[in-house]
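This report refers to the structure that appears directly beneath it.
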Amino acid sequence: MENNQNQIDKVIEFIKQNYLDKINLALEEDKYSIEIDFSELEKFDIDLANELLDNPENIMKIFKEALKSFDLPIESEKFEKITFRFFNLSEFRNIRIRDLREKHLGKLIVVDGIVKRASEVRPEVYLIRFKCVKCGMEVEFRQENRELTRPSKCVFCNSRGFEIVGEKLRDARWVVIEEPFEVRGGESPSELFIYLHDDLVDVKNRSKSDPGNRIKVVGILKKTSRRIGGKLSKQLEIFLEANYLESLETQWEDIEITEEDEKKILELSKDEIIYEKLVKSLAPSIYGFDEVKLALMLQMFGGCETITPDKVRVRGDINILLIGEPAVAKSQLLKTVTKIMPKAKYVSGKAATAAGLVATVTRDEEFLGGWVVEAGAVVLANRSIVAIDEFEKVDKKDIIALHEAMEQGSVSIAKASVVATLPAKTAVLAAANPKYGRFDEVKPISEQVDIPETILTRFDLKFALRDIPDIEKDKKIIEHVEKARYFNSEEYAKPEIDPELLRKYIAYARSRCYPKLTPEAAEKIKEFYLSLRKSSVGGVVSITPRQYESLVRLAQASARIQLREFVNVEDAERAINLMLFSLRQFGQDLVTGQIDIDKAEGQKITHEHRSKIKIIDEVLTELENKYGLTIPYDEVVKLAMERGVTDAESIIRKMQEVGEIFFPKPDRLQRIKRFV
């Protein structure tokens, strides 16, 4: 008792010196949470601070008891609402979720992680007043466990009959967080349940604990019973009762950058050959693909998000698609990018579903209490990159779920009683295989990869990673592989920039540099855009406003690499060169040299197809005069081929797919008449 009184006296003195004015001001504004800087308490009395860490519930009660010594502007019934919340704890109290053990139970600790699942905010009973039905004695029971706690028997008459005559409620929410990074390869991130209540889940703070957000939580580690198959298990579940919640919105700040690191980064940004160095720093053991590696570097540095005056968001994330033939190391490129980028996620198309990619709603009655939102890879990688390998193997119903995330930077979900919008400002790096193993530069991309055209159009850049036999190039590749992998030649395998420094370089640029477009750079991009639009003749469209926005993003990323405040003409030219390289691979007509954006973007009907459809349409008109409405299929093919449509059968199938014709009989076709 004496020890408690001594501690109360210390707390009274601490509040007088540091927080009395703040407490009075908070209570006048109807705020009942008092935030205490732990470092100030530590300076005031180290023993009291240590006691708070070891016996937090007892010391928090003492803080509340000490408040009774002051004349506060608050009604007595509201006094119970006052809560002391502690932040800025010592670094040694930051504990990884996987390192939590029995010794941490009942202690005040700090954990951080990404919210994976979250329940709805619901009222919860925390105090119940029971009345003995026999003698009328009343007793209050604080509800500390998940299950309702009742008195076992009356202390006066030993009766076991009770009725509830009063209860006190508060808002509460359960969330599950997972570790932010996998530090060692092959490990799965550990999870921890977090219990939030009162003002931590009010309208202002609720969004902090939505799935996909990164949070730091100060709280008391507690245990609760665990049920397996409806029966109590001897193994217990642990959870953290939150005392203080802090949003860690920007993951780049998690990377510690020393003064020495900053000096090196600034030197790199001023290097005249920094772009060449960056290319040589990304998977140096993989020979070639310099344009692709440069594009991936620009993706990692990223463009700048723009919010227009009418509140329309223009994304800054750069999406890239790699279509690679077998054994061109596209999977290795994806994994290398995810190792460099903090919070990046790697998934394989074979095992990916809409739930795993974006988000889902699951039912968890035992712990979270009903329907809960569970974040997928795209949401968990918010403000980073999600790499999806074997993209073409993702089910079409699931891949459609990426539409909103790739353009709007969010994921909306409506299922059961849950309607939510989650943050997903995530760049998508996808790799796919051609349908028939090898890339065909004649066919449109839509005929070579099984990916919906609406998704294809959302990629800023698309690259074909081809394996073309070339004796001189093949010799260089093999020599490069031998020296990099088998003869330990650092010249061929060591990155030009150390991966850890590169990681810090990217973090530094993304958190401090937001380049703006200059009139000169804007004019350069406009000239390129208009020149391609001008070349759009004969029904061919060579470029659209979507590519214009991509050019701006790429130019901003280029400027970010040199930590410049403004985008210059060189950045614009670098973006234009990458865009041309991409468009020529997928959209260039091999005969005319003209770029057809429909071919590059995966449209089912390209300009070339439309020209051939027009010829077949004329053939159908002629043959209708001869045969009537139903025309022999062989006659159509024969006449079309005579007029230069060598792939007449393929074009007829496309006309059938888009609803222009149908087959009333196997050997006869007929046009579909449309009535207005």
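General observations
- Relative packing of 654-660, 195-201, 270-276, which averages over residues the other C-beta atoms within 10 Å, highest first: 195-201, 654-660, 270-276
- Charge dipole (the chain, unit charges on Cβ, about Cα centre) - positive-most of 289, 661, 506: 661
- For segment 116-209, the dipole from Cβ point charges (+1 on Lys and Arg, -1 on Asp and Glu) about the Cα centre works out to 460 debye, to the nearest 20.
- Sorted on the mean count of surrounding Cβ atoms within 10 Å across their residues, most packed first, peptides 117-129, 89-101 read 117-129, 89-101.
- Solvent-accessible area per residue for the chain (1.4 angstrom probe, square angstrom): 50
- Among the listed values (1) 47, 32, 20; (2) 60, 33, 23; (3) 52, 28, 22, the one computed from these coordinates for semi-axes √(5λ) of the Cα gyration tensor in Å is (2).
- Scanning residues 5 or more positions from residue 361 or on other chains, those with amide H under 5 Å from its amide H are 374, with H placed 1.01 Å from N in the peptide plane.
- Residue 44 sits among other residues whose Cβ lies under 12 Å from its own Cβ, and their net charge, with Lys and Arg +1 and Asp and Glu -1, is -3.
- Order of exposure, largest accessible area first, which applies to 304, 157 with probe 1.4 Å: 157, 304
- Across segment 1-141, the relative contact order, built from alpha-carbon pairs under 8 Å that are at least six residues apart, equals 25 percent.
- Packing-based ranking, highest mean first, of 378-386, 548-556, 58-66 given that Cβ atoms within 10 Å are counted: 378-386, 548-556, 58-66
- The local environment of residue 153, defined by Cβ-Cβ distances under 13 Å, has a net charge of +3 under the rule Lys, Arg +1 and Asp, Glu -1.
- Along each principal axis, Cα extent of segment 529-586, largest first, Å: 43, 20, 16
- The phi-based Karplus calculation (6.51 cos²θ - 1.76 cosθ + 1.60; θ = phi - 60°) puts the 3J(HN,Hα) values of segment 232-243 at 5, 9, 6, 7, 9, 9, 10, 8, 10, 7, 5, 10 Hz, whole numbers, x for Gly and Pro.
- Estimated [θ] at 222 nm from DSSP helical runs (n ≥ 4, -39500 (n - 2.57)) normalised by residues in the chain, nearest 500: -10500 deg cm²/dmol
- Taking amide H as placed 1.01 Å from N in the peptide plane, the amide H of residue 133 sits under 5 Å from that of 161, 162, 163, each at least 5 places away or on another chain.
- Apolar share of the accessible surface for the chain: 49 percent from carbon plus sulfur atoms, 1.4 Å probe.
- For residue 341, residues with placed amide H under 5 Å, excluding near neighbours: none
- Electrostatic dipole magnitude of the chain [Cβ: Lys, Arg +1; Asp, Glu -1; Cα centre; debye, to 20]: 1860
- Dipole magnitude for segment 253-300: about 360 debye, using +1 per Lys or Arg Cβ and -1 per Asp or Glu Cβ, origin at the Cα centre.
- Other residues within the sphere of radius under 14 Å centred on the Cβ of residue 414, judged by their own Cβ, net out at -1 (K and R +1, D and E -1).
- Rounded, prolate or oblate (a/c below 1.5 giving rounded, otherwise prolate when a/b exceeds b/c) for segment 1-53 by Cα gyration tensor: prolate
The values are calculated or read from the model by the stated rules, or taken from the named source; none is laboratory data. This structure is a prediction, so every number in the text was calculated from the model and none was measured. Reconstructed Cβ throughout: ideal geometry from the backbone, glycine too, with neighbour counts over all protein chains shown. We work out accessible area using only protein heavy atoms, side chains counted, and drop any ligands, DNA or RNA first. Shrake-Rupley method; radii C 1.70, N 1.55, O 1.52, S 1.80 Å.
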